[in-house]
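Notes for the one structure printed next.
The values are calculated or read from the model by the stated rules, or taken from the named source; none is laboratory data. These figures come from a predicted structure and were not determined experimentally. No Cβ is skipped: glycine too gets one built from the backbone with ideal geometry, and neighbour counts run over all protein chains shown. When the accessible area is computed, the model is the full protein with side chains, heavy atoms only, and any ligands, DNA or RNA have been set aside. Shrake-Rupley method; radii C 1.70, N 1.55, O 1.52, S 1.80 Å.
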Amino acid sequence: MEMRKKKLPMGIENFEEIRKEDFYYIDKTGLIVDLLHSWGAVNLFTRPRRFGKSLNMSMLEHFFSLDGDKSIFDGLEISKETALREGYMGKYPVVSISLKGMDALNYKMAFRMGARAVRRAASKVQYLLESDKLSESDKLEYQSLLDRNMDEATFCDSLRILSEMLEKHHNTKVILLIDEYDVPLAKAHTNGYYDQMVSLIRSMLGEALKTNNSLKLAVLTGCLRISKESIFTGLNNLKVLTIADERFDEYFGFTDKEVRELLEYYGVADHYEEVKRWYDGYQFGNAEVYCPWDVLNHCDRIRSEPHVQPENYWINTSSNDAVKRFIQESANAATKREIERLVAGETITKEIHQELTYSEIYQTIDNIWSLLFTTGYLTQRGKAEGRQMKLAIPNLEIRDIYVTQIMEFFKENVREDGDTLNRFCDALQNEDAESVEQIFIEYLRRTISIRDTAVRTEMKENFYHGILLGILGVKNQWGISSNREMGEGYAYILAEPDTGDMGIIIEVKYAHNGDLDTACKEALKQIEYTRYEDDLSDDGVENILKYGIACYKKRCRVMLAKNN
């Protein structure tokens, strides 16, 4: 009888729930130890999304907080630290707030969501209304934080007021946790009310972190390190811990050892290599980490369906605007080549600016490189030299996002270029192999090609196949079919023009040694051999054109064989 395995904590961000409800937990309590050893009054952790920021915040809250069951820390790293446990565990009032919900199309709505988050935090400590340590005017001030019609001034003061009241009541300073501080700024930037939001968040954080004498320690998390001038003006005690920092590097994300143990525990260790290729590859400081969200999702799936293919779990959790913009802005040839090299698994050296404001993010292509780095679409390899970093795409999952966006971008561009496309389709019908070749080469030069030294030949063929389908898609009256989905290793396309008396069969081959002629002849042989045309003949189509197209990088050769 196999022992019942612990449940996998998919998307669970409450530390206590994970510990009490028998979920599998990868011990990150060392974060508390490091935090208390290297003391910063205000600590900001920036990490990409889905790397366990909120769960770590929940862990901190349960550790410091005056109430709650502290046995949930038994057996974890922190339980060995007797002095720290005696000095800090369960000793502080904690104010914990997440700004993740301030996501709205306009400022008014976003503000209301922010006010709701403040009310929620304040209503957890309603015992303050009974406190004999607070004067009547203190209580009135506290009550303003429970008001459904809170005004902006109260909102900006809220975290400071709450800290002061808690300090008066408990006679001890307060721990302040602010999760996802930059979500409201990101949303405001997208939806056009950025300046209003910056000024709101700036005063809220200023009051909470700078003029707050009741503060023992504050921890903030976010995706981006927004430059000091715009948000943290005059905060001299701010300690920023980004993905480039070596301190705290292994507390967000799973390490290789942790992933091996997890797969081992669930009896799916034979999937280690694929999990590594797909979800590993991030470098935070000196630690190599996997994206926890993906590992948990994939582990959950392979337990019930061992043969399931790895998937892109991360992509569904947010928009991939950064990659999209990057590819759209890559109008110049140099950037195109750099993207091609990244997709091919190479590294590109760039100067990275970690401190950006949202309004600067898309201003220059250099800033977009920095954004891709901080949000996890690129990662560093090796050691940085000053601001110069070697950047790479972390793994197959993220590579897949680039490839998808590159193909989307190509299709959008193709639609705008009806003229050339129609020339291409006419040339196909008119048996003009030379023009087909010329126009196809022209397209290959303009698009971002997906070369990959690592993948199998038929994967390479898929790229060219996709481009051809994209071009033919302009003819909505034509019948277009393709066998690529059937995975026979041979990518052919069948096009039937709207004239009804013609069939065009195209076979794509990748000439991996660069010998285009031989590959072209092989493609034509392939068409003969598999007798694709039999169905057409049976339908009474007499005029059948067979094209062999061989591709190598940005070169191609087209040959035509007729059947009549």
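Observations on the model:
- Ordering of 126-132, 551-557 by burial proxy (mean other Cβ atoms within 10 Å per residue, highest first): 551-557, 126-132
- Accessible surface comparison of LYS80, LYS168, probe 1.4 Å, protein chains only, largest first: the order is LYS80, LYS168.
- Entries of LYS411/LYS546; LYS257/LYS336; LYS187/LYS276 with Cα pairs more than 29 Å apart: LYS257/LYS336; LYS187/LYS276
- Accessible surface area normalised per residue over the chain is 45 Å², counting heavy atoms of protein chains with a 1.4 Å rolling probe.
- Heavy-atom accessible surface of the chain: percent carbon and sulfur, 1.4 Å: 44
- Excluding same-chain neighbours fewer than eight residues apart, the aspartates and glutamates reachable from LYS91 by a Cα-Cα span under 15 Å are GLU61, ASP67, ASP69, GLU167.
- Helix 457-472 axis, angle to the chain major axis (alpha carbon atoms, nearest 10°): 80
- Listed pairs LYS5/LYS383; LYS350/LYS553; LYS7/LYS168 exceeding 30 Å between Cα atoms: LYS5/LYS383; LYS7/LYS168
- For the chain, share of DSSP beta bridges that run antiparallel, in % to the nearest 5: 50
- Here the dipole of region 142-236 is about 300 debye; that uses its Cα centre as origin and unit charges on the Cβ of Lys and Arg (positive) and Asp and Glu (negative).
- Descending by average beta-carbon neighbour count within 10 Å, the peptides 47-56, 7-16, 171-180 line up as 47-56, 171-180, 7-16, the highest first.
- Over region 321-449, the hull volume per residue, using the convex hull of the C-alpha atoms, is 114 Å³.
- Euclidean distance of C-alpha centroids, region 1-38 and region 98-173, integer Å: 30
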